[in-house]
Amino acid sequence: GAMTGAISNFLDPAVVKEVFPNLDMITAGLIAPAGHAERVPGGFRLTGRWSFGSGITHADWVTSGAFIYQDGEPWASPDGSNAHASRQFLVPADQVEVVGNWDTTGLCGSGSSDYTITDVFVPEEHTYTFYKVRGRTDTPIAQPDSFMRSLCAVPLGVARAALDHARETALTRVDKMTGATWADTFRVQVTLAECEAEFNATRSGVFSSSQRHWEVLAGGGTLDDLTATERAASSLAWVHAFRTSRAIVNRLYDLLQSWSINRSSPMDRWMRDTATMCQHVAASDLILESGGAYLLGRPPKFRMSLGIVK
């Protein structure tokens, strides 16, 4: 659902008013080009199956990536930049079939089921790419990577909740072997302090890198005006936020010991959720590989994570 605002920058303003008549509209779906879009007069016939349609059961629109075909053959970009072009397709949620196979270790509530679309007509104006801004160009969020920037807020929020929960719990516990309160115990004090330090540093890294990007973009510049270090910093901070948040939750889970293991404990849910979150592409080695390649002056494999258009 957090994608909806970002998507609007890549659609024509008239289309945005049509498909998003109020601010409560929700968009879900998978941007990876897993579908088949056949060119037809006025648009495309879209068919395919996509995974991880997070929030799709509550969505008004479903956006899905697909490769483009014409007369059954792969369609190349007219400018020659892509031998087999792909784009995003907006489809009303009532024309999408949810498979309902989301049975996972964590994030069960996200409902990230597979979904299918079968031979649905999509008008040309309901398609877009993250490489072409059609709305306002003077907003910092009209960037190819803008839809990915908010994702790491979720694990950071979980880590913050776990830290608060562990601190509150420590104030109520007494070591039955020694009679010492947990709040006066070296192990508890050091663990909480170290986890707080890791959280603060990680969160600050996300904000400082994003702030630098925002300053340049809001000042009329582009991402190309950033140094290589500044440009890579944001996506690298996402990965670090996911993984550090998981490490913090796991360490606090161990700190609270058997009070963590029951289903009634939020620590049990937070451990499973952060483990699942870290399997997302935004937390993957692909982001690190792309950032590292860019820092070395080599072509990044996942250029969108760096906001690179060409």
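The values are calculated or read from the model by the stated rules, or taken from the named source; none is laboratory data. What you see is a predicted model, and the numbers here were worked out from it, not measured in a lab. Note: ideal-geometry Cβ built from the backbone for every residue, glycine included; neighbour counts use all protein chains shown.
The table that follows gives values for the structure above.
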{"quantity": "Residue, nearest to residue 103 (Cα to Cα), within the range 10-29, restricted to residues that are surrounded by fewer than 22 Cβ atoms within 10 Å (Cβ to Cβ) and in contact with a Gly (Cβ under 8 Å, 6 or more places away or on another chain)", "calculated": "26"}
{"quantity": "Residues of the range 257-279 satisfying the condition of being surrounded by fewer than 20 Cβ atoms within 10 Å (Cβ to Cβ) and in a helix (DSSP H, G or I)", "calculated": "257, 258, 259, 266, 268, 269, 272, 275, 276"}
{"quantity": "Qualifying residue in the range 109-116 (condition: more than 23 Å from the chain's Cα centre (by Cα) and either of a type in the set (Asp, Glu) or assigned by TED's automatic domain parsing to the domain that holds residue 265 (or both))", "calculated": "no"}
{"quantity": "Residue list for the range 89-117, restricted to those being under 19 Å from residue 66 (Cβ atoms), of a type in the set (D, E, K, R) and part of a loop (DSSP other than H, G, I, E, B)", "calculated": "114"}
{"quantity": "Candidates 158, 122, 188, 154 - the one that is modelled with pLDDT of 90 or more and in a strand (DSSP E or B)", "calculated": "122"}
{"quantity": "Test: residue in the range 8-25 that is touching a strand residue (DSSP E or B) at 6+ places or on another chain (Cβ under 7 Å), in a strand (DSSP E or B) and not small (Gly, Ala, Ser)", "calculated": "no"}
{"quantity": "Residue in the range 120-135 that is under 18 Å from the mean Cα position of the chain (by Cα) and on the phi > 0 side of the Ramachandran plot present", "calculated": "no"}
{"quantity": "Residue in the range 168-183 that is part of a helix (DSSP H, G or I) and closer than 21 Å to residue 2 by Cα present", "calculated": "no"}
